[in-house]
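I have a structure here, written as structure tokens, and I will follow up with some questions on it.
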Amino acid sequence: MTKVLMVCLGNICRSPLAEGILKSKVAAENVTVDSAGTGGYHIGEPPDPRSIDVARQHGLDISMQRCRKFRSSDFEAFDLIYVMDNSNYANVLAQAATEAEKQKVRLLLKEADLGITEVPDPYYGGTKGFENVYQMIDSACSAIAQKLNRS
Ligand code: 4NP
């Protein structure tokens, strides 16, 4: 079993999409996927309605997800921790206790070949940003799923 954690700032826009998208591409018997945020602004809330909508447009239901904060015990609980941007990366790495824990943390878009390494935060933008973000995350998750389904 490979355990994957998707992390962004709020855990209501980007990482809930990443959780839903990767889950849809892997076998549940082999891979578990969760998500969390480095900030604690929305704990217990469902994803942003714009993320729920864009996921639904692509046939995914993420409305049952609930926001939680990233915690240092996540380093033990997960094998791979994918972050959306450099700020998430710094915030998560700062909580790592060992080199092995640091090695678990990767920028999500480094898995895809898009020429960019950060998923932009769509929170303060319009709905168009959410489709853009969906496509980026989808590309990276396809690459991750291909590797995980092989292993
Ligand atoms: P996310 O977007 O990190 O993709 O979930 C955000 C959502 C909420 C906030 C920031 C980013 N916020 O400051 O409340």
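The numbers here are math on the coordinates, done by the rules we state, and not lab data. If you're wondering where the values come from, they're calculated on a predicted model, not measured in any experiment. Because the Cβ atoms are built from the backbone with ideal geometry, glycine has one as well, and the counts that use them run over all protein chains shown.
Per the Cauchy relation, a quarter of the hull surface: what is the mean projected area of the convex hull of the alpha carbons in the chain, in nm²?
About 8.3 nm², averaged over all directions.
Would you check the chain for Lys pairs whose C-alpha atoms are within less than 21 Å, ignoring same-chain pairs closer than 8 in sequence, and give me the count?
The number of close lysine pairs in the chain is 20.
Taking 7 Å along the Cα-to-C-beta vector as the label spot, tell me the Ala143-Ala100 distance in nanometres, rounded to one decimal.
In this crude spin-label approximation the distance works out to 2.7 nm.
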